[in-house]
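The values are calculated or read from the model by the stated rules, or taken from the named source; none is laboratory data. Computed from a predicted model, the values in this text were never measured in an experiment. Please note: Cβ atoms are built from the backbone with ideal geometry, for glycine as well, and neighbour counts cover all protein chains shown.
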Amino acid sequence: MDQPQERLSTSTGPTSTGGSPSGQTLRRLAEQLGVSTRYEGFDGQEAQVPDATLSSVLTALDLDVSSERAALDSLQEHLDAPWRRLLPPVVIAVEGRDDSFPVHVPSGSEPTVELFAGERTRPLEAVPGSLSTREIDGCPVDRILYRIPSDLAPEWYELRASAPEIDHGVPTEVELAVTPARLSTTDRLQDKRRWGWAVQLYSVASNRTWGVGDLNDLAGLAAIGGEQGADYILINPLHASEPVPPLEASPYLPVTRRFFNPLYLRIAGIPEIVYLRPGDAEVVQTLDAIQRRRILEVDDVERDSVYAAKLKALELLYTVRRSAQRQQQLRRFAAEGGQQLQDFALWCAIREEIGRDSPLWEDEAAGPDSPYAVEARTRLQGRVHFHIWLQWLLDEQLASAQHAADSAGMAIGVMHDLAVGVSKDGADAWSLNRSLARGVSVGAPADMYNQQGQDWSQPPWHPFRLAEAGYRPWREMLRGIFRHAGGIRIDHIMGLFRLWWIPEGNRASEGAYVYYDHEAMLGILALEAQRAGVVVVGEDLGTVEPWVREELAARGVLGTSVLWFETEGDGPKDPRDYRVETMASVGTHDFPPTAGYLQGVQVDLRDELGLLERPVEQERAEAQQTLQRWLDAVRAEGLLPEEASEQQTVEALHAYLGLAPSLLHCVQLVDAVGERRVQNQPGTTDEQHPNWRIPLADDEGRRVLLEEIQGSERVRSLSAVMNRALGRGMRRQNREGAPSQPRTMDPDAPTAPWTTGSVSPVEG
């Protein structure tokens, strides 16, 4: 019988079997389980991961490291586990590639293995010479590799295997994902370069908004952007937050990534509003008047008061009897949402009842199958249905926003942003607890954003448990986001390959990288994106291994190029040398708007918050020196006059970026209106800085409403710069006027609220 190389030896050196594992053993185990024992920092220096950190991370991976013997036994169990299964939990293949998968049977057994593709059944053949044997639980077990047909198109299939000695010959069924070798959605972009707006939707108010930009405002932005030549609107994550105030300000710390935030609903866009009882209608009208009046009275985005008002209005609207057609649509939506929608709505109902800090979450209400949840599923049925109804309304308005983008001529439309993870006490952590790791959080080591590292307070995917679940939580989440999207930006896409795990009680810098099965994570992403026709952009900034970018590019996932980070030696990199398959932008939401960057507000803020590790004078001098190198490069291209205004400089930087061959160019809306304030400062709390609460404003700090954007000369000027740089033109209006608006927009709104007259194309 062959002795597999992965079989552990108990000889690890002079250690005690009764005490804690030695550092040598910890590092050996870490390497076996895909945990880094060293890493390269953003400064290029190699750093070692402390033994205590390794021990905590291995514990979070379900390895017993209480002693030397326990650690070795636990690892051996981990390595033996696949041999105890007839089939893997899920099989991942790549179209056109000669892939195979293992089948485990008692030694000498001859299994039957079949592929189901629609109505067709195909027997599969073993790979010649692939048999290997090892002893499991005292019995010999054979591993036989079976070939996956290379002619399968990208799609989900079913594999079935049986052996007389296993479960009395009853077949075992698992799914097979044949993933695209390369995304066709990316290849469709190759004909020309395109640009779009990047928008923090919550910050964009209109005269019909209740203080927070909503999905009707998104549709309006799409109509305006499409008319001005843009092909997409990249928005902040719309993932759901708490079901009742207070709400988390950061869109990157949601309670779930599978469902959306009712904060973004347009109340007047709900069809049942016209059927409210007179008294209820008066209440809603009063709420509407109060919230719309407050738009220009507050200095920041007040999510809590807005959401409280919307909840009151929504509860009144919920009592309105729906038409037979709409009731049928709601039932269909609930059925399609399945158990995951039911569990999310149940979590919302329980959260409302017992609050966020109840000790019941630790035991009696610890999950959807806990005693409290089982009882509440019936007792709170009405409230559960209310939260399902909210998600249905969101689905309708999201569909309308994408429809408005399509009607405006956008090639992509709405591009959603996918957060890295979820809050540790949110809905996903509750319902997907088996697929998430405990005792650790996701973050980043020291980098150019924050020299003290970052802790994002999010539980990471547990790589082995997620695989055991057949990657269904990952797949279902993607399908929900892709449902009404033309594109997706994946924040920190490196997380599909590795994540920085920080044990509880450690500083952000005291973590370790844990690696994932990127072929499965990336492959399923590519498959679901292709099935939905979605363009995929990966935020691959920061410390990213070169092979990761190569793998992403090979699969057709666009990377990210940010002007300020594209350097060559001590100076700017020639934009003509940027990668083609990227989304290029001047800045990011983690940097100040370009006008603010020109003034060095990022240094002033970091100094004020105590985030600098060098004297502020040195930081300012270096920032000014760096900026000057870019301005000199822009002037060398003849794009920036010597005595340029702030607006001219912002536009010149975008024109300079327009020299890049990047397929997508991204313009932040804050740059178009002259905003200077930092939208988000990584590594800070709400008490330190109003992250994600800054409303859209111009260079004088005056709030800019949606209705002003189309007529803004500054916005139109920057749009013209992008159109000229990319050889595009503004789209002519159709006979009916402005690009189509959402089908569920305000009943009393004008037919074409953004129309100000005919538009002449900009010369390319």
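Among the numbered conditions (1) outside any loop (DSSP other than H, G, I, E, B); (2) in contact (Cβ under 8 Å) with a residue 40 or more places away in the chain; (3) of a type outside the set (Phe, Trp, Tyr), tell me where ASN506 comes up short.
(1)
So in region 287-309, with the set limited to residues that are of a type in the set (Lys, Arg) and under 17 Å from LEU201 (Cα atoms), which one is surrounded by the fewest Cβ atoms within 10 Å (Cβ to Cβ)?
Once the filter is applied, the top-ranked residue is ARG292.
Can you pull out every residue in region 687-703 that is part of a loop (DSSP other than H, G, I, E, B) and in contact (Cβ under 8 Å) with a residue 40 or more places away in the chain?
If the condition is that a residue be part of a loop (DSSP other than H, G, I, E, B) and in contact (Cβ under 8 Å) with a residue 40 or more places away in the chain, then GLN688, HIS689, PRO690, ASN691, TRP692, ARG693, ILE694, PRO695, LEU696, ASP699 are the ones that fit.
Select from region 430-466 the residues that are among the aliphatic types (A, V, I, L, M) and either crowded, with 22+ Cβ neighbours inside 10 Å or touching a helix residue (DSSP H, G or I) at 6+ places or on another chain (Cβ under 7 Å) (or both) and list them in ascending order. Break it down into steps so the answer makes sense when it comes.
Of the residues in region 430-466, the ones among the aliphatic types (A, V, I, L, M) are 432, 436-437, 440, 442, 444, 446, 448, 466.
Passing the criteria: LEU432, LEU436, ALA437, VAL440, VAL442, ALA444, LEU466.
I want to confirm something. Restricting to region 313-341 and keeping residues that are within 16 Å of GLY269 (Cα to Cα) and surrounded by 15 or more Cβ atoms within 10 Å (Cβ to Cβ), which single residue is nearest to the chain's Cα centre (by Cα)?
It comes out as LEU314.
Where in region 532-616 are there helices (runs of 4 or more DSSP H), lying fully within it, with 3 or more residues that are closer than 20 Å to ASP447 by Cα and not hydrophobic (A, V, I, L, M, F, W, C)? Give the derivation first.
Values: elements: 546-554, 594-599, 601-608.
Because the criterion is at least 3 residues that are closer than 20 Å to ASP447 by Cα and not hydrophobic (A, V, I, L, M, F, W, C), the helices (runs of 4 or more DSSP H) in region 532-616 that meet it are 601-608.
I'm trying to understand the selection: among the residues of region 138-150, which are under 30 Å from ALA526 (Cα atoms), of a type in the set (D, E, K, R) and without any contact (Cβ under 8 Å) to a residue 40 or more places away in the chain?
Correct list: empty.
For VAL634, indicate whether it is at pLDDT 95 or above, in a strand (DSSP E or B) and among the β-branched types (Val, Ile, Thr).
no
What number of residues within region 135-186 satisfy the criterion of being closer than 30 Å to MET583 by Cβ, out of contact with any Phe, Trp or Tyr (no Cβ under 8 Å at 6 or more places or on another chain) and not hydroxyl-bearing (Ser, Thr, Tyr)?
8
Is it true that some residue in region 666-678 is surrounded by 23 or more Cβ atoms within 10 Å (Cβ to Cβ), in contact with a helix residue (DSSP H, G or I) (Cβ under 6 Å, 6 or more places away or on another chain) and in a loop (DSSP other than H, G, I, E, B)?
Yes, region 666-678 contains a residue that is surrounded by 23 or more Cβ atoms within 10 Å (Cβ to Cβ), in contact with a helix residue (DSSP H, G or I) (Cβ under 6 Å, 6 or more places away or on another chain) and in a loop (DSSP other than H, G, I, E, B).
Answer yes or no as to whether ALA366 is surrounded by 19 or more Cβ atoms within 10 Å (Cβ to Cβ), assigned by TED's automatic domain parsing to the domain that holds ILE270 and not acidic (Asp, Glu).
no
Would a scan of region 286-307 turn up a residue that is in the same structural domain as GLY213 (by TED's automatic domain parsing), aromatic (Phe, Trp, Tyr), more than 28 Å from SER441 (Cβ to Cβ) and assigned to a helix (DSSP H, G or I)? Working first, answer last.
The first filter runs over region 286-307 and keeps only residues in the same structural domain as GLY213 (by TED's automatic domain parsing), leaving 286-307.
With the extra rule that they be aromatic (Phe, Trp, Tyr), the set shrinks to 307.
Still in the running and more than 28 Å from SER441 (Cβ to Cβ): none.
Scanning region 286-307 turns up no residue that is in the same structural domain as GLY213 (by TED's automatic domain parsing), aromatic (Phe, Trp, Tyr), more than 28 Å from SER441 (Cβ to Cβ) and assigned to a helix (DSSP H, G or I).
Output yes when any residue across region 283-293 is farther than 21 Å from SER241 by Cβ and under 30 Å from the mean Cα position of the chain (by Cα), and no when none is.
Quick first cut of region 283-293, residues farther than 21 Å from SER241 by Cβ only: 283-286, 288-290, 292-293.
Next, only the ones that are under 30 Å from the mean Cα position of the chain (by Cα) stay: none.
No, every residue in region 283-293 fails to be farther than 21 Å from SER241 by Cβ and under 30 Å from the mean Cα position of the chain (by Cα).
Which residue out of GLU155, GLU135, GLU125, GLU175 is of a type in the set (Asp, Glu) and without any contact (Cβ under 8 Å) to a residue 24 or more places away in the chain?
GLU125
Pairs only if they're at least six apart or on different chains, beta carbon under 8 angstrom, first in region 260-283 and on the phi > 0 side of the Ramachandran plot, second surrounded by fewer than 17 Cβ atoms within 10 Å (Cβ to Cβ) and hydroxyl-bearing (Ser, Thr, Tyr); list them, first residue then second.
Close Cβ pairs (under 8 Å, with a partner that is surrounded by fewer than 17 Cβ atoms within 10 Å (Cβ to Cβ) and hydroxyl-bearing (Ser, Thr, Tyr)) do not exist here.
Which of the following residues is acidic (Asp, Glu), in contact with a Gly (Cβ under 9 Å, 6 or more places away or on another chain), surrounded by 14 or more Cβ atoms within 10 Å (Cβ to Cβ) and farther than 18 Å from VAL673 by Cβ: GLU646, GLU581, GLU566?
GLU581 is the lone residue from the list that is acidic (Asp, Glu), in contact with a Gly (Cβ under 9 Å, 6 or more places away or on another chain), surrounded by 14 or more Cβ atoms within 10 Å (Cβ to Cβ) and farther than 18 Å from VAL673 by Cβ.
Going through region 491-549 one residue at a time, which ones are among the hydroxyl-bearing types (Ser, Thr, Tyr) and closer than 21 Å to PRO473 by Cα?
TYR515, TYR516
Quick check: is even one residue across region 498-506 within 30 Å of VAL678 (Cα to Cα), touching a Ser or Thr at 6+ places or on another chain (Cβ under 8 Å) and of a type in the set (Lys, Arg)?
Looking for residues that are within 30 Å of VAL678 (Cα to Cα), touching a Ser or Thr at 6+ places or on another chain (Cβ under 8 Å) and of a type in the set (Lys, Arg), one finds at least one in region 498-506, hence yes.
In region 65-97, how many are of a type in the set (A, V, I, L, M) and within 17 Å of ARG28 (Cβ to Cβ)?
So the answer is 6.
Looking only at region 250-285, which residues are outside any helix (DSSP H, G or I) and either aliphatic (A, V, I, L, M) or touching a Cys at 6+ places or on another chain (Cβ under 8 Å) (or both)?
Passing the criteria: LEU253, VAL255, LEU265, ILE270, LEU276.
All but one of (1) farther than 23 Å from LEU522 by Cα; (2) within 33 Å of the chain's Cα centre (by Cα); (3) at pLDDT below 95 hold for ARG85; state the number of the condition that does not hold.
(3) is the only condition that ARG85 fails.
Every residue, every condition in (1) within 35 Å of the chain's Cα centre (by Cα); (2) exposed (fewer than 15 other Cβ atoms within 10 Å of the Cβ); (3) closer than 30 Å to THR543 by Cβ, yes or no:
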| position | (1), (2), (3) |
| --- | --- |
| SER20 | no, no, no |
| SER36 | yes, no, yes |
| GLU40 | yes, yes, yes |
| THR53 | yes, no, yes |
| LEU58 | yes, no, yes |
| ALA93 | yes, no, no |
| ARG97 | yes, yes, yes |
| LEU115 | yes, no, no |
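So, restricting to strands (runs of 3 or more DSSP E) that lie completely within region 132-245, which ones have at least 2 residues that are over 30 Å from GLY269 (Cβ atoms)?
Qualifying strands (runs of 3 or more DSSP E): 132-136, 139-147, 155-162, 172-179.
Would you point out which residue out of GLY505, GLY523 is crowded, with 21+ Cβ neighbours inside 10 Å, assigned by TED's automatic domain parsing to the domain that holds ARG614 and not hydrophobic (A, V, I, L, M, F, W, C)? Let's see the steps before the verdict.
On the way: GLY505 fails: crowded, with 21+ Cβ neighbours inside 10 Å.
From the options GLY505, GLY523, the qualifying one is GLY523.
Quickly run through region 152-186 and pick out the residues that are of a type in the set (Asp, Glu) and modelled with pLDDT of 95 or more.
So in region 152-186, the residues of a type in the set (Asp, Glu) come out as 155, 158, 165, 167, 173, 175.
Result: GLU155, GLU158, GLU173, GLU175.
Give the number of residues within region 114-131 that are aliphatic (A, V, I, L, M), in contact with a Ser or Thr (Cβ under 8 Å, 6 or more places away or on another chain) and part of a strand (DSSP E or B). Give the derivation first.
Step one: list which residues in region 114-131 are aliphatic (A, V, I, L, M), which gives 115, 117, 124, 126-127, 131.
With the extra rule that they be in contact with a Ser or Thr (Cβ under 8 Å, 6 or more places away or on another chain), the set shrinks to 115, 127.
Add one more test, that the residue is part of a strand (DSSP E or B), and what stays is 115.
Qualifying residue count, region 114-131: 1.
Anything in region 302-312 that is within 20 Å of ALA268 (Cβ to Cβ) and not basic (Lys, Arg)? List them, or say none.
We begin by selecting, within region 302-312, every residue within 20 Å of ALA268 (Cβ to Cβ); these are 302-303, 305-312.
Listed by number, the residues that qualify are GLU302, SER305, VAL306, TYR307, ALA308, ALA309, LEU311.
Would you confirm whether any residue within region 265-274 is acidic (Asp, Glu), at pLDDT 95 or above and surrounded by 21 or more Cβ atoms within 10 Å (Cβ to Cβ)? Step through it out loud before you land on a result.
Of all residues in region 265-274, those acidic (Asp, Glu) come to 272.
Cutting the leftovers down to at pLDDT 95 or above gives us 272.
Those left that are additionally surrounded by 21 or more Cβ atoms within 10 Å (Cβ to Cβ): none.
Scanning region 265-274, I find no residue that is acidic (Asp, Glu), at pLDDT 95 or above and surrounded by 21 or more Cβ atoms within 10 Å (Cβ to Cβ), so the answer is no.
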